[in-house]
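Asker: Please see the structure below; I have some questions.
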Amino acid sequence: MRHSPRFSSPLLQSLQRLKGLVRKEFFQIVRDPSSILIAFILPLILILLFGYALNLDSNNLKIGLVVERASPSTNQLSYSFIHSQNFNVTYGRSLQELQDRVRSSDLRGIILLPEIFSQNLTKRGKIAKLQVLSDGSEPNTANLLQNYVKATYQGWLQQNSQQLGKTLKIPIQIEQRVWYNPAGISRFFLLPGSIAIIMTIIGTLLTALVIAREWERGTMEAMLVTPLRVSEILLGKLIPYFILGIGSLFVCLGSSIFIFGVPFQGSIILLLLVSSLFLVAALGLGLLISTLAKNQFIASQAALYSAFLPAFLLSGFIFEIDSMPDILQKITLLLPARYFVKCLQTLFLAGDVYALLLINSLGILVMGSIFMGIATTKIRKRLD
């Protein structure tokens with residue numbers, strides 16, 4: 001038996017209006033390919049770019065190797081450098097011969113085995129030293145070169161200590177153990193952070209551009225004169241794009257795991273919960289932008305400067321927040337991406353660390369509530 005709309009409860013009427021608005025938005029999405037491109041194609045392109053182009057690991061560093069006096073020991077050590085995947089070795093007869101190639105950036109550094117290297121290696125009380133000259137114009141590469149040479153040299157010493165007549169004494173041996181990312185692959189912690197950046201772009205653009213376009217076309221004014229409430233308009237706009245945002249999340253998640261081999265140690269359910277909170281915050285920011293800038297070009301620029309750039313630079317995605325000036329560290333507290341990056345890196349590499357996930361989810365919730373609250377106050381059912 002069907003109930004007359006006249007006798008339906010206000011809640012039921014509100015749900016019916018919301019259902020109709022959500023359905024209308026889905027039809028609009030199907031007719032507008034730009035939303036599909038933003039939701040599914042753009043995140044795939046971005047995750048591939050981040051995965052292949054953004055890499056802090058350096059392999060096959062071009063270095064020069066100078067051996068002032070050859071010996072069995074220096075030959076064995078030279079072979080260790082040559083066969084290491086970290087180096088692309090070029091021999092030189094003298095240090096001066098290779099210095100110009102470092103100056104022209106053909107080589108990233110020079111390893112020098114001095115003339116007394118072999119003698120000091122077998123003498124008690126003597127330390128066999130080698131010299132590493134690196135190009136400091138690229139500090140990250142220079143530090144990697146120093147560490148790679150040190151690791152290769154120490155490994156060679158331990159393997160060849162018995163062949164040196166047991167004269168080599170290593171009184172203290174340091175056994176390193178790296179948690180969560182034992183291989184030290186930068187892609188494993190960069191890609192989870194990049195998902196936060198991508199979701200920031202997607203969530204903000206989806207609402208900012210689409211609603212700004214409706215303001216330009218005049219369809220938003222037509223909607224405001226209907227019996228729809230402001231809350232129903234907000235939910236009707238957010239629900240479809242929230243679903244698209246979740247689809248974007250699975251595109252990024254699948255690409256990270258199956259294309260780039262990033263391990264995922266946490267719970268999918270927790271990932272969905274945290275991501276849902278972040279999507280609401282990102283969509284709320286896009287909604288706020290669209291209410292202030294009722295023009296697609298201005299909305300896109302506002303989304304770039306207020307969402308993408310702060311998230312990219314200040315979320316801890318690449319640059320450590322603790323190394324930033326105090327004023328910037330305080331500003332990062334206002335960015336939902338800061339909390340989402342930490343949650344994603346924890347879920348991917350460490351697993352379900354509930355205390356950390358809870359405190360960061362609370363930060364996302366607070367900022368999302370602020371964005372939604374301001375957006376709600378800016379949308380009024382008036383055309384003046």
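The values are calculated or read from the model by the stated rules, or taken from the named source; none is laboratory data. Only a predicted model underlies this, so the values are computations on that prediction, with no experimental measurement involved. Cβ atoms come from the backbone with ideal geometry, glycine included; neighbour counts cover every protein chain shown.
Asker: Scan the stretch 115-129 and give yes if some residue there is within 37 Å of the chain's Cα centre (by Cα) and either closer than 19 Å to ASN60 by Cα or at pLDDT 85 or above (or both), otherwise no. Walk me through it before giving the result.
Answerer: The first filter runs over the stretch 115-129 and keeps only residues within 37 Å of the chain's Cα centre (by Cα), leaving none.
No: the stretch 115-129 contains no residue that is within 37 Å of the chain's Cα centre (by Cα) and either closer than 19 Å to ASN60 by Cα or at pLDDT 85 or above (or both).
Asker: Quick check on the stretch 59-73: of everything there that is touching a Leu at 6+ places or on another chain (Cβ under 9 Å) and under 14 Å from THR152 (Cβ atoms), which residue is surrounded by the most Cβ atoms within 10 Å (Cβ to Cβ)?
Answerer: Residue satisfying both the conditions and the ranking: ILE63.
Asker: Within the stretch 219-245, which residues are in contact with an Asp or Glu (Cβ under 7 Å, 6 or more places away or on another chain) and either of a type in the set (Asp, Glu) or modelled with pLDDT of 80 or more (or both)?
Answerer: Hits for the stretch 219-245 are GLY236, LYS237, PRO240.
Asker: What do you reckon, is PHE278 assigned by TED's automatic domain parsing to the domain that holds SER34 and loosely packed, with under 14 Cβ neighbours inside 10 Å? So that I can check it myself, show each step before the final result.
Answerer: Working: assigned by TED's automatic domain parsing to the domain that holds SER34: yes; loosely packed, with under 14 Cβ neighbours inside 10 Å: no.
Taking the combined requirement at face value, the residue does not satisfy it.
Asker: Hey, does the stretch 268-285 have a residue that's in contact with an Asp or Glu (Cβ under 7 Å, 6 or more places away or on another chain) and either within 17 Å of ILE195 (Cβ to Cβ) or of a type in the set (A, V, I, L, M, F, W, C) (or both)?
Answerer: As a first pass, look at the stretch 268-285 and keep what is in contact with an Asp or Glu (Cβ under 7 Å, 6 or more places away or on another chain): 270.
Right, trim to either within 17 Å of ILE195 (Cβ to Cβ) or of a type in the set (A, V, I, L, M, F, W, C) (or both) and you get 270.
The answer is yes, given that some residue of the stretch 268-285 is in contact with an Asp or Glu (Cβ under 7 Å, 6 or more places away or on another chain) and either within 17 Å of ILE195 (Cβ to Cβ) or of a type in the set (A, V, I, L, M, F, W, C) (or both).
Asker: Are there any helices (runs of 4 or more DSSP H) wholly within the stretch 58-125 with 2 or more residues that are aliphatic (A, V, I, L, M) and assigned by TED's automatic domain parsing to the domain that holds GLU138, and if so which?
Answerer: Numbers: elements: 72-82, 95-103, 117-122.
The helices (runs of 4 or more DSSP H) meeting that bar are 72-82, 95-103.
Asker: While we're here: Picking from ILE239, ILE289, ILE298, ILE257, which residue would you name as being among the hydrophobic types (A, V, I, L, M, F, W, C), assigned by TED's automatic domain parsing to the domain that holds SER361 and loosely packed, with under 15 Cβ neighbours inside 10 Å?
Answerer: Numbers: ILE239 fails: loosely packed, with under 15 Cβ neighbours inside 10 Å; ILE289 fails: loosely packed, with under 15 Cβ neighbours inside 10 Å; ILE298 fails: loosely packed, with under 15 Cβ neighbours inside 10 Å.
Testing whether each residue is among the hydrophobic types (A, V, I, L, M, F, W, C), assigned by TED's automatic domain parsing to the domain that holds SER361 and loosely packed, with under 15 Cβ neighbours inside 10 Å leaves just ILE257.
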